[in-house]
Amino acid sequence: AQRVTQPEKLLSVFKGAPVELKCNYSYSGSPELFWYVQYSRQRLQLLLRHISRESIKGFTADLNKGETSFHLKKPFAQEEDSAMYYCALNHGSSNTGKLIFGQGTTLQVKP
Amino acid sequence: DAGVTQSPTHLIKTRGQHVTLRCSPISGHKSVSWYQQVLGQGPQFIFQYYEKEERGRGNFPDRFSARQFPNYSSELNVNALLLGDSALYLCASSLIAGGRETQYFGPGTRLLVL
């Protein structure tokens, strides 16, 4: 079964510390992975996708098919990074738009 | 552009009642998806519509139904409400560009079933 697992409900770090939000997935085909973020009182928004291989707001994520992981990393956390982060998987079939989300991790960056 | 809009923002119903939630996609987007987010969980896929046709359905009972209109707006209907239907219902519209689909989420409708 397709599944996305985020093992940490809460990750608390100090400003300037490195951050790694873990995401593991279960999928037999070629998945498309995403990270979505929800800041306080705002709507869910796309942060990055593995296909783009880009860095957004200093965050990067690398798809590791061997370990079936897509961890989100940032070398130096900022207070404005505090938010709820969701890892999501699209099963890769063209134009289906079915996202499978993990349970989410709350990132708390302390001053 | 206001982004994806949803109405109402909040709703209180009692068990057994019926509810209709509405979604307007971003202009130019032809696909709308619905998700249910129970407190403490990630969003769970309910339906996707594209060009007024159902393109995907999640693991939800037949009490849940949806439709898409010619202007690409959408309604989600839930019959015979149960306490467990209390959740945030999210709508997302999507654009396909360069073979990639990106979903843009609305603010959600918070439904409380008493």
For B:GLN17, net neighbour charge (Lys/Arg +1, Asp/Glu -1) across residues whose Cβ lies under 13 Å away: +2
The simple spin-label model distance between A:PHE76 and A:LYS9, using points 7 Å out along Cα→Cβ, in nm, is 3.3
Given a 1.4 Å probe and every protein chain left where it sits, what share in percent of the accessible area of the protein assembly as shown is carbon and sulfur? 50
Using R₀ = 22 Å, calculate the FRET efficiency as 1/(1 + (r/R₀)^6) where r is the Cβ-Cβ separation of B:LEU95 and B:ASN71; round to 0.05. 0.85
Taking the simple approach of a point 7 Å from Cα along Cα-to-Cβ for both B:GLN17 and B:GLU51, what is their distance in nm? 3.8
Let me cross-check A:LYS15: its accessible surface, 1.4 Å probe, with only protein heavy atoms counted, in Å² to the nearest 10? 110
Paired Rg and Dmax values of the stretch A:1-55, which use every Cα atom, in angstrom: 13.4, 38
Which semi-axis lengths, in whole Å and largest first, follow from the square roots of five times the eigenvalues of the Cα gyration tensor of the protein assembly as shown? 29, 20, 16
Heavy-atom accessible area order for B:ASP62, A:ASP62, largest first, 1.4 Å probe: B:ASP62, A:ASP62
I need the P(r) histogram for chain B: all alpha carbon pairs, bin width 5 Å from 0 out to the longest distance, whole percents. 2, 13, 24, 26, 19, 10, 4, 1, 0, 0
What residues of the stretch B:39-57 lose no less than 50 Å² of accessible area with every protein chain in place versus their chain by itself (probe 1.4 Å, heavy atoms only)? B:PRO43, B:PHE45
Among B:LEU112, B:GLN41, B:TYR72, whose Cα projects farthest towards the positive end of the dipole of the protein assembly as shown, with charges put on the beta-carbon of Lys, Arg (+1) and Asp, Glu (-1)? B:LEU112
What are the ³J(HN,Hα) values, in whole Hz, obtained from phi via the Karplus relation 6.51 cos²θ - 1.76 cosθ + 1.60 with θ = phi - 60°, for each residue of the stretch A:80-87 in sequence order, with x given for Gly and Pro? 6, 7, 4, 4, 9, 10, 10, 8
Within straight-line cross-link reach of A:LYS15, aspartates and glutamates at Cα separation under 14 Å, skipping those fewer than 8 residues along the same chain: A:GLU79, A:GLU80, A:ASP81
Calc'd 3J(HN,Hα), the stretch A:101-107, phi into Karplus 6.51 cos²θ - 1.76 cosθ + 1.60 (θ = phi - 60°), Hz, glycine/Pro = x, comes to 9, x, 7, x, 10, 7, 9
Inter-label distance for B:LYS30 and A:GLN45, nm, one decimal - labels placed 7 Å from Cα along Cα-to-Cβ: 2.8
Normalised by the residues of chain A, what does the relative contact order come to in percent, with Cα pairs under 8 Å and at least six apart? 38
If each K or R counts +1 and each D or E counts -1, the residues other than B:LYS52 whose Cβ falls under 13 Å of its Cβ total -1
Based on the Kirkwood radius over alpha-carbon pairs, what is the Stokes-Einstein translational diffusion coefficient of chain A at 4 °C with 1.567 mPa s viscosity, in µm²/s? 92
Using a 1.4 Å probe and ignoring any ligands, DNA or RNA, find the accessible area of A:THR60 and quote it in Å² to the nearest 10. 60
How about the stretch B:90-104: which of its residues lose at least 20 Å² of accessible area in the presence of all protein chains relative to their chain isolated, using a 1.4 Å probe? B:ILE96, B:ARG100, B:GLU101, B:THR102, B:GLN103
Lys and Arg at +1, Asp and Glu at -1: neighbours of B:TYR72 with Cβ under 10 Å from its Cβ sum to +1
Using each residue's phi in the stretch B:50-58, evaluate 6.51 cos²θ - 1.76 cosθ + 1.60 at θ = phi - 60° and report the 3J(HN,Hα) Karplus result to the nearest Hz, with x for Gly and Pro. 9, 6, 6, 10, 5, 10, x, 9, x
Förster radius 45 Å - calculated FRET efficiency between A:SER28 and B:LEU88 (Cβ-Cβ, nearest 0.05): 0.90
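The values are calculated or read from the model by the stated rules, or taken from the named source; none is laboratory data. None of these values were measured; they are calculated from a predicted model. Quick reminder, even Gly has a Cβ in these numbers, built from the backbone with ideal geometry, and neighbours come from all protein chains shown. Just the protein is used for accessible areas: all its heavy atoms, side chains included, with ligands, DNA and RNA removed. Shrake-Rupley method; radii C 1.70, N 1.55, O 1.52, S 1.80 Å.
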